[in-house]
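Every read-out reported here was derived from the displayed coordinates using simple, explicitly stated rules and does not represent laboratory data. Predicted model only: the values in this text are computed from it and were never measured. Because the Cβ atoms are built from the backbone with ideal geometry, glycine has one as well, and the counts that use them run over all protein chains shown.
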Amino acid sequence: MRFIFSKKRKGINLGKEIISEVNERVKRVYWTNEEIDKFFAKRSANEIIQNRTTCYINPCLDLTLASAAILFSKNTPYFFVIEEHLPTQEFPFNRLHFALEFQYENKKYALNYKRCNEVYLYEGDYKGREDIPLAQIIRVSGESINPYRPLYKNLGYTTLNDLIKNKFKGYSLESNLNRLKQDNSEENYKLFKERYGEEFKIILKPQNQLSP
């Protein structure tokens, strides 16, 4: 990915550079269920980048952490956004999603790895998913996110379960992992690759916003 844009779009340029670097350094691949149990939501940004892979299903945390590490290396201020969704008909349990808000030349931008290699990048605050019922949104200053520590330790907890019990009482890691494993298969990964390929699709607008 190479991008050339006008000087008026420097923040968007930076976002695209970050997405391009993450695309090169963290590939979305098939994980066995054993790998899901071992790695899901347990790695630091540095471990993710060194390993160079994440699961093709539900990769938003790993991709967002990798992007945060790049912002950190560029001394760019940001907020790490954690969005908790209430149950829906398709997913009858609470889910978590992750995004970034970064500051560049006195303007704020949102960067969101939504799903299936789609990345939303736009000027302004992260607006969340208005088409899905919301439990809460938490914003964590990038100054608290050490790229050498997993997210739960950055938030002051000894284990991932301790974080969930304190901050996300409606969230069940077991339910989410069970659904992830249910959807996970080599055949589904093959279909994912055929449909979405290796590259991110960058969309320069907020996603799933209801009309006023």
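Return the residues of region 84-128 that are closer than 15 Å to residue 63 by Cα and among the acidic types (Asp, Glu); say none if nothing qualifies.
Answer for region 84-128, where residues must be closer than 15 Å to residue 63 by Cα and among the acidic types (Asp, Glu): 101, 118.
Can you name every residue in region 118-158 that is among the hydroxyl-bearing types (Ser, Thr, Tyr) and surrounded by 13 or more Cβ atoms within 10 Å (Cβ to Cβ)? First the steps, then the outcome.
Restricting attention to region 118-158, the residues satisfying the condition of being among the hydroxyl-bearing types (Ser, Thr, Tyr) are 120, 122, 126, 141, 144, 148, 152, 157-158.
Hits for region 118-158 are 120, 122, 126, 152, 157.
Taking the criterion of being closer than 26 Å to residue 72 by Cβ and touching a residue at least 40 places away in the same chain (Cβ under 8 Å), would at least one residue in region 177-199 satisfy it? Don't jump to the end; show me each part of the working.
Kept after step one, since they are closer than 26 Å to residue 72 by Cβ, are these residues of region 177-199: 198-199.
The next check asks that each one be touching a residue at least 40 places away in the same chain (Cβ under 8 Å); those that pass are 198-199.
Within region 177-199, one or more residues are closer than 26 Å to residue 72 by Cβ and touching a residue at least 40 places away in the same chain (Cβ under 8 Å).
State yes or no: is residue 173 surrounded by 14 or more Cβ atoms within 10 Å (Cβ to Cβ), under 21 Å from residue 64 (Cβ atoms) and in contact (Cβ under 8 Å) with a residue 40 or more places away in the chain? Write out each step before concluding.
Details: surrounded by 14 or more Cβ atoms within 10 Å (Cβ to Cβ): yes; under 21 Å from residue 64 (Cβ atoms): yes; in contact (Cβ under 8 Å) with a residue 40 or more places away in the chain: yes.
In short, yes.
Restricting the search to region 58-100, which residues are more than 16 Å from residue 168 (Cβ to Cβ), in a helix (DSSP H, G or I) and not hydroxyl-bearing (Ser, Thr, Tyr)?
62, 63, 65, 66, 68, 69, 70, 71, 72, listed by residue number.
What about residue 83, is it without any contact (Cβ under 8 Å) to a residue 60 or more places away in the chain, in contact with a Phe, Trp or Tyr (Cβ under 6 Å, 6 or more places away or on another chain), of a type in the set (Asp, Glu) and more than 24 Å from residue 193 (Cβ to Cβ)? So that I can check it myself, show each step before the final result.
Details: without any contact (Cβ under 8 Å) to a residue 60 or more places away in the chain: yes; in contact with a Phe, Trp or Tyr (Cβ under 6 Å, 6 or more places away or on another chain): no; of a type in the set (Asp, Glu): yes; more than 24 Å from residue 193 (Cβ to Cβ): yes.
Criteria not met by residue 83.
Out of curiosity, is residue 192 surrounded by 11 or more Cβ atoms within 10 Å (Cβ to Cβ), closer than 19 Å to residue 53 by Cα and touching a helix residue (DSSP H, G or I) at 6+ places or on another chain (Cβ under 6 Å)?
Details: surrounded by 11 or more Cβ atoms within 10 Å (Cβ to Cβ): yes; closer than 19 Å to residue 53 by Cα: yes; touching a helix residue (DSSP H, G or I) at 6+ places or on another chain (Cβ under 6 Å): no.
It is false that residue 192 is surrounded by 11 or more Cβ atoms within 10 Å (Cβ to Cβ), closer than 19 Å to residue 53 by Cα and touching a helix residue (DSSP H, G or I) at 6+ places or on another chain (Cβ under 6 Å).
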